[in-house]
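Take a look at the structure set out below.
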Amino acid sequence: MSSQLNRRDWLRASGLLTAGFGLSRFTSAEAATPTAPLVSGFTNEFAFADDPFDKMSKLRARLLANENPLGISANAKEALIKATELGNRYAWTEFGQLKTLIATDDMVKPENIMLSPGSSDILMAAADYFSQRSGTILTSAMTYDDLLQRATKFGAKVKALPMTKDYKFDLNAIKASLTPDVKLVYIVNPNNPTGTILPTAELEAFCREVAPKVPVFIDEAYIDFYEPADRPKLGKLVAEGLNVILARTFSKIHGFAGLRLGYAIAQPDILKTLHAYTNAEFAVSITTLMAGIASYKDIDWQNHCRAENAKARNYTTKALTDLGYEVIPSATNFMLFPIRMKTKTFEGQMFAQGIGIQTRDFNGQPYCRVSIGTMDEMAIFVDGFKKVVG
Ligand SMILES: Cc1ncc(COP(=O)(O)O)c(C=O)c1O
C-alpha cells in the first residue's frame, strides 16, 4: 500500500469507509519541508488486510479513533427515538434551536454558525475553498491533516512548521512565516495527535494579530475536554468581526462519531462561501439534530464523560510512566508517547491481542497514539503493552 494514501483512500482500500469508521490521522514530520508531499505514515493497513469488519469487531479495546467509549447520553437516546416520529419532515426549527443554544454560549449570533454532519465536512469545504485560490496553507508538523491532504489534492501547498520542544504549535514561527501567498492558517487546539493545548492568551493575541491579514482556522474538535471555565472562548473574536473560523464536533465528548454532528463558528459571509462547497447543513438529519440538542443541554453527561476520561487517562499515564515511558501531557481523550520498537512491529503485536491503537514515525522516532477508553479497556491496553515491550 502506498505511503501516500490519505484517510479516505486508506479507509476505502480497507473497506472501512462505507462503515463510516473514522480514523483520525496526522501530518508526519516530513511535511515540515514546504515542497515535500504529505506522507501518511499509515502502518496499520496490514492489521485489517483480509477481513476489516471481522477484525474490528474482535477488538477487545478499541483505542484508535478517539471515540467516546461511554456512548451517548440517555437524554440524547430518548430524543433520538422521539425524533424518528418526525423522520418524514425536513428539519426547520431544530436547526435554529441548536444554533441559538451554541450562539448564546459562544457570545455570537446564530448567523455565525453553520451545522454539519461532523466537523470533517467543514474541514473539507475549507480545504476546497482555500485551495481553489491556490497559495499556501500554513500549519504545524504533527497535526491532523485531513484538511491539509485535501487541499494539496487541489493544488494548494502546505507549509508545516516544526512544533515547539513541548509539542505545541509554534505561533511565533507561524507569524514569522506569513508571506503574501499564505491563504489560510490551520491550527488544531487541543492538537491531535500530541494532545497539547496552547495558552489561551497567546492564541488569542495570535488571532488578533494574524486574522486581519489571513484567515485563521482553529480546529477545536477536542475543546470539550477542557473544563468549561478554562476554554479559550474564541467566539468573542468572531463576534468582534475577526476572520477566525472555529470548527467543533459532537463526535468526541457527546459520543456522536456515528451519528455525525459538527459546526463552524465564523463570519456569515465566510460561512456562506463555505456552504457553496458543501451541502453540510442540509445533510444533518432530524434525528441527529434532536439528539444533539438534548446532548448539548445534558451538562451532567458531559461532566461525567470528562471526569471518566481524565480518570482513565491518569491511570494510563501513570502505568506508562512507571514502565519508564515518557507520555506527552494530554488535555484530550488520547495520548501520544515515543515507543522503542518499529511502529509496524508494535502495532501488529498490539492488534494481535485485540488492542487497536495508532502509530506514526515523526523525525525517525516511532510513537504510539492511544485513545482513552473505559478503565477496563485501558487495563487491557496496559497489560497488552507490557507483554509487547517485555
Ligand atoms: C482534530 C480533528 N478534527 C476533526 C475531526 C473530524 O471529526 P468529525 O468529522 O467526526 O467531527 C477529527 C476526528 O477525529 C479530529 O481529530
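For residue 271, the conditions (1) more than 16 Å from the ligand (Cβ to nearest atom); (2) assigned to a loop (DSSP other than H, G, I, E, B); (3) of a type outside the set (Phe, Trp, Tyr); (4) buried (at least 16 other Cβ atoms within 10 Å of the Cβ) all hold with the exception of (2). Look at region 65-82: where a residue is part of a helix (DSSP H, G or I) and open to solvent by less than 50 Å² (accessible area, probe 1.4 Å) and a partner is more than 16 Å from the ligand (Cβ to nearest atom) and acidic (Asp, Glu), sitting 6+ places away or on another chain with Cβ atoms under 9 Å, you get 76/298.
Do we have any residue at all in region 156-163 that's closer than 25 Å to residue 67 by Cα, surrounded by fewer than 15 Cβ atoms within 10 Å (Cβ to Cβ) and more than 12 Å from the ligand (Cβ to nearest atom)? For region 156-163, residues closer than 25 Å to residue 67 by Cα, surrounded by fewer than 15 Cβ atoms within 10 Å (Cβ to Cβ) and more than 12 Å from the ligand (Cβ to nearest atom): absent. Does at least one position in region 135-155 carry a residue that is modelled with pLDDT of 95 or more, touching a Pro at 6+ places or on another chain (Cβ under 8 Å) and hydrophobic (A, V, I, L, M, F, W, C)? No, region 135-155 contains no residue that is modelled with pLDDT of 95 or more, touching a Pro at 6+ places or on another chain (Cβ under 8 Å) and hydrophobic (A, V, I, L, M, F, W, C).
The residues of region 100-112 that are touching a strand residue (DSSP E or B) at 6+ places or on another chain (Cβ under 7 Å) and closer than 16 Å to residue 298 by Cα amount to a single one, 102. Scanning region 215-241 for residues that are surrounded by 20 or more Cβ atoms within 10 Å (Cβ to Cβ), outside any strand (DSSP E or B) and at pLDDT 95 or above yields 215, 220, 221, 222, 223, 224, 225, 234, 235, 237, 238. Selection of region 342-380 for residues being under 15 Å from residue 320 (Cα atoms) and out of contact with any helix residue (DSSP H, G or I) (no Cβ under 7 Å at 6 or more places or on another chain) yields 367, 369, 371, 377, 379, 380.
The values are calculated or read from the model by the stated rules, or taken from the named source; none is laboratory data. All values reported here derive from a predicted model rather than from experimental measurement. Positions of Cβ are generated from backbone atoms using ideal geometry, with glycine treated the same way; all protein chains shown enter the neighbour counts. To get the accessible areas, we keep the full protein, side chains included, count just its heavy atoms, and leave off ligands, DNA and RNA. Shrake-Rupley method; radii C 1.70, N 1.55, O 1.52, S 1.80 Å.
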